[in-house]
1. Only strands (runs of 3 or more DSSP E) wholly contained in the stretch 173-231 count here; list those with 1 or more residues that are modelled with pLDDT under 95.
2. All but one of (1) of a type outside the set (Phe, Trp, Tyr); (2) under 23 Å from Pro193 (Cα atoms); (3) surrounded by 13 or more Cβ atoms within 10 Å (Cβ to Cβ) hold for Ala110; which doesn't?
3. Report yes if Pro163 is under 23 Å from His197 (Cα atoms), touching a strand residue (DSSP E or B) at 6+ places or on another chain (Cβ under 6 Å) and either loosely packed, with under 12 Cβ neighbours inside 10 Å or modelled with pLDDT of 95 or more (or both), otherwise no.
4. In the stretch 195-207, what residues are over 22 Å from Glu45 (Cβ atoms), surrounded by fewer than 21 Cβ atoms within 10 Å (Cβ to Cβ) and not basic (Lys, Arg)?
5. Hey, among Thr241, Thr230, Thr259, which residue is on the phi < 0 side of the Ramachandran plot, in contact with a strand residue (DSSP E or B) (Cβ under 6 Å, 6 or more places away or on another chain) and either outside the structural domain of Ile147 (by TED's automatic domain parsing) or touching a residue at least 60 places away in the same chain (Cβ under 8 Å) (or both)?
6. Which ones in the stretch 241-265 are over 30 Å from Glu91 (Cα atoms) and not in a loop (DSSP other than H, G, I, E, B)?
7. In the stretch 67-116, what residues are aromatic (Phe, Trp, Tyr), in contact (Cβ under 8 Å) with a residue 60 or more places away in the chain and assigned to a strand (DSSP E or B)?
8. Within the stretch 180-194, can you find the residues that are touching a Phe, Trp or Tyr at 6+ places or on another chain (Cβ under 9 Å) and farther than 15 Å from Pro43 by Cβ?
Amino acid sequence: MGARREFVPRRANRRNPAAGWLLAATALAPAPEIALRSRALEPGEIVRVDVASASCALAAPEARFLDQNVAFVADGDARKTWSGWLVIPLERGPGSVDVVVDASCADGSARQEVRHAIVVEPKTFTEQKLDVESKYVNPSKAALQRIEREKKRLAVVYALRTPLPASASPFVLPVPGDPTSEFGSRRILNGVPKAPHPGIDLRAATGTPVAAAGGGIVALASDLYYSGGTVILDHGAGLFTVYAHLSKIEVKEGATVSTGERVGLSGATGRVTGPHLHWGGRVGSEIFDPRGLTDPKLFSE
């Protein structure tokens, strides 16, 4: 794994405008500054994109990364700072890939387009072989119909782009337990390869209080076939965290929750072999290691 790094904004040098991660274009009028922050440049990591101006209100920025269109949310009514999120995809190999950000003042002045090459570092993920009951590998016809309905419901949730300002503080762990299964691990159940693990499993006995890792809105609170008692929190701009296999859900859809507020109790519901908390992170349909959100480098503190 590459070394953790913190990126500090600086004005771009005309002789080397792509130097560093945090870029600011030079213009006759003060141009918006663009900052990208991540705990690591590896597959499965989340990257925060901040666009700021000291001199003008900004129009909503646009950013593209691979096939991702970044959704931005303004931080306050002054509209001088906007934040959004992107993910380095789990399947992305090492090498260079561009992120393109287009920003301007609301009056159309000081427009800039920055194209910067992110050098993705190599990362390998573990392979986990498990022997489980056949029902975990081969759902019944009725179960398959339910799974399909739930996939469509989840797609609607993950398509939300709620205008909640990005947190100024790092997220917190939802339970204190150690990881028992890693993000991105390739699971092989009874010899059948399954999708990479879309989160981490944290040790938690049944009935352990589960806290919201960050403030947001409850986008889903329901029992699902695979993940059992499930809460999904919407943190704005397409950022979501997932809390699964709960024995009890203690929040309702549409409710606003604060960082650390209890959302339920851990358990072993859904298709699992023992009690734990599955904690996941998504930006739209892209999965990422949610522990990236606990790194202060992504936040203003």
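The values are calculated or read from the model by the stated rules, or taken from the named source; none is laboratory data. Fair warning: this is a prediction, and the values are worked out from it, not measured in the lab. Don't worry about glycine lacking a Cβ; one is built from the backbone with ideal geometry, like all the others, and counts go over all protein chains shown.
1. Working: elements: 179-181, 186-189, 199-202, 209-211, 216-224.
So the answer is 179-181, 186-189.
2. (2)
3. Working: under 23 Å from His197 (Cα atoms): no; touching a strand residue (DSSP E or B) at 6+ places or on another chain (Cβ under 6 Å): yes; either loosely packed, with under 12 Cβ neighbours inside 10 Å or modelled with pLDDT of 95 or more (or both): yes.
For Pro163, the condition - under 23 Å from His197 (Cα atoms), touching a strand residue (DSSP E or B) at 6+ places or on another chain (Cβ under 6 Å) and either loosely packed, with under 12 Cβ neighbours inside 10 Å or modelled with pLDDT of 95 or more (or both) - is not met.
4. Ala205, Thr206, Gly207
5. Values: Thr230 fails: either outside the structural domain of Ile147 (by TED's automatic domain parsing) or touching a residue at least 60 places away in the same chain (Cβ under 8 Å) (or both); Thr259 fails: in contact with a strand residue (DSSP E or B) (Cβ under 6 Å, 6 or more places away or on another chain).
Of the residues listed, the single one that is on the phi < 0 side of the Ramachandran plot, in contact with a strand residue (DSSP E or B) (Cβ under 6 Å, 6 or more places away or on another chain) and either outside the structural domain of Ile147 (by TED's automatic domain parsing) or touching a residue at least 60 places away in the same chain (Cβ under 8 Å) (or both) is Thr241.
6. From the stretch 241-265, those over 30 Å from Glu91 (Cα atoms) are 247-265; that's our starting set.
Matches in the stretch 241-265: Ser247, Lys248, Ile249, Thr256, Val257, Arg262, Val263, Gly264, Leu265.
7. Filtering the stretch 67-116 for residues aromatic (Phe, Trp, Tyr) gives 72, 82, 85.
Narrowing the set further to residues that are in contact (Cβ under 8 Å) with a residue 60 or more places away in the chain leaves 72, 85.
Across the stretch 67-116, the qualifying residue is only Trp85.
8. Restricting attention to the stretch 180-194, the residues satisfying the condition of being touching a Phe, Trp or Tyr at 6+ places or on another chain (Cβ under 9 Å) are 182-186, 189-190.
Across the stretch 180-194, the qualifying residues are Leu189, Asn190.
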